[in-house]
1. From the list A:236, A:205, pick out the single residue that is at pLDDT 95 or above, over 24 Å from residue A:281 (Cα atoms) and in a loop (DSSP other than H, G, I, E, B).
2. So, in segment A:41-73, of the ones that are over 29 Å from the mean Cα position of the chain (by Cα) and away from DNA strand D (no atom under 16 Å from the Cβ), which residue ends up surrounded by the most Cβ atoms within 10 Å (Cβ to Cβ)?
3. Suppose the filter is within 14 Å of chain B (Cβ to nearest Cβ), touching a strand residue (DSSP E or B) at 6+ places or on another chain (Cβ under 8 Å), touching a residue at least 24 places away in the same chain (Cβ under 8 Å) and crowded, with 21+ Cβ neighbours inside 10 Å; does residue A:230 pass it?
4. Kindly establish whether residue B:135 is away from DNA strand D (no atom under 16 Å from the Cβ) and surrounded by fewer than 22 Cβ atoms within 10 Å (Cβ to Cβ).
5. Restricting attention to segment B:8-28, which residues are within 9 Å of DNA strand C (Cβ to nearest atom) and either under 22 Å from residue A:49 (Cα atoms) or part of a helix (DSSP H, G or I) (or both)?
6. Quick check on this structure: which one of A:16, A:44, A:50 is without any contact (Cβ under 8 Å) to a residue 24 or more places away in the chain and more than 11 Å from chain B (Cβ to nearest Cβ)?
7. Working carefully through the options A:329, A:325, find the one that is in a loop (DSSP other than H, G, I, E, B), surrounded by fewer than 17 Cβ atoms within 10 Å (Cβ to Cβ) and touching a strand residue (DSSP E or B) at 6+ places or on another chain (Cβ under 8 Å).
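The values are calculated or read from the model by the stated rules, or taken from the named source; none is laboratory data. The structure presented is a predicted model; accordingly, all values stated were derived computationally and were not measured. Here the Cβ is made from the backbone with ideal geometry for all residues, glycine too, and neighbour counts use every protein chain on show.
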DNA sequence: CTGAAAGCGCTAACAC
DNA sequence: GTGTTAGCGCTTTCAG
């Protein structure tokens, strides 16, 4: 260590002076000299060497199924910002929704000795979580949770979000409200469908026969499901879609059926994806604070890494409703 | 190294057997035994230790201005895929378009000893490139280039892309074509405006007075610029927007002016952002292969890291035209 | 073809 | 408060 030589101290003393944690042990004078010299020499610590010694890489991995799905970038961005503040760097892995790739990606990140892992993958048993745990890697889930709640998670409060949409529609006077649900194998699909039924019941409305399930969170399945729904229940005046892509599909189905939005049928989405505000009509949708979720997930992970392990906790962030022009009072 | 012990060879022999590059030096029999044992023991090499010794981290950083801009995720994803295939991992840094943050992010990644850097930041002198070079880090630019062409870059061929849009419109019979240009301080803004003039000239059409510049690649500035343009040139029958957001703004401006798309005025965008195909009308736009660009940037970087430095080269990828319903023959 | 020895840059345990 | 010593896990000379 050339800094040590230049400051005329031993390498270990220099190391202690450079590290805020151990700095207290060194005399103020020495600390000052070392820092001074380090600055002059433009000293940059070598994280690989440090990591080799301390078994901590100051590195966190984030695993997403599909970065091109507009839901994930804000998550990644929020996490990156929070981690950067604490001197951590973010490694990214994309799994293409493939279980096999998920395993490889997690294995790669584990091999890289990430200190922690933020998992945003969708269809994933507790399996991956267990693997990570075995390797001694802290895990925080984001936008999903394990069924047994054994892992810490940051999720949006879907029950509340669907409630916002329904309250809004009921407030406008709608009583025949349908739901284009997401796939039953995804927790978001099921959860929102359950919430839909709960909230209708709360308002004394019937949900039977008002739900049609799309088998994928995509435009085309949304179109299909919505078409089936409006054919079966022609008297409905509003549709709550389980996400924005399904809503876009529903919008098309309605248009193809000769129905106008919102004049004939009101429509709501979920997620507030970029540019749903420029659709025709601009979509009323539930806005989920994804960036904040990424941020919180990172912070929770860091807290756990800094020792305060404690119980696994699940934070459920409240969404808000972005009211736009796709909803109106029924005729 | 427990693998070595179990295989009853020296650690260095095991190391040689495990490394494909040096494997030839070891007897086939020994190689087989070591690989066998390594497999049984589930041996995973420790990249930090290796990196410490070899001064290579098998890590690449990507710097983007704003991951939430839909242009960047495909870039990152393409890069991640290509790097993963070669055993490299991707570190991500977001700069919020801030020069100061760009410096810190690059510094952090450099400190992490990334082997190479993919830079997708927009407004950036050769400064960052120079810094990285000084630190001995290979750099490849993506979606931008330095003015002097000193750094390797993968970019879209904007001149060709604008040509596709104009040829399409001219082919439909349009002769009075306007341009909503992007900001003059961005290379994409200027480049596309120049291309617009070139291609009109090629078709013997006049560009004078047909260009209006938006001062930001956003919906609102697009609306303003388009409004000004159609007021000044009411006889125009088509607008080429310099990007999709500007096109969405133009769509609104046209609608507000009581003009229908494509009946009264045809409209084209640029980038083929997610969901412009679900606009009303679906937008005809120039589709840029961003994922492919990310992929190529990563591959070019890897090639340079593997020694074949050579000259800096700029690859200009041809875009394609996605013809949708926002363009039609003039009345 | 294989073993021995050294060292990448840093930090932790142990002296003094 | 500071120096000494050792070692993280791996690769790379250098011998033999």
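1. A:205
2. Among those residues, the one meeting the criterion is A:43.
3. No, not satisfied.
4. For residue B:135, the condition - away from DNA strand D (no atom under 16 Å from the Cβ) and surrounded by fewer than 22 Cβ atoms within 10 Å (Cβ to Cβ) - is met.
5. Within segment B:8-28, B:11, B:12, B:13, B:14, B:15, B:16, B:17, B:24, B:25, B:28 qualify.
6. A:16
7. Just one listed residue meets the conditions, A:325.
Every residue, every condition in (1) surrounded by fewer than 16 Cβ atoms within 10 Å (Cβ to Cβ); (2) assigned to a helix (DSSP H, G or I); (3) out of contact with any helix residue (DSSP H, G or I) (no Cβ under 7 Å at 6 or more places or on another chain), yes or no:
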position: A:155; (1), (2), (3): no, no, yes
position: A:167; (1), (2), (3): yes, yes, yes
position: A:171; (1), (2), (3): yes, yes, yes
position: A:180; (1), (2), (3): no, no, no
position: A:190; (1), (2), (3): no, yes, yes
position: A:197; (1), (2), (3): no, yes, yes
position: A:200; (1), (2), (3): no, yes, no
position: A:215; (1), (2), (3): yes, no, no
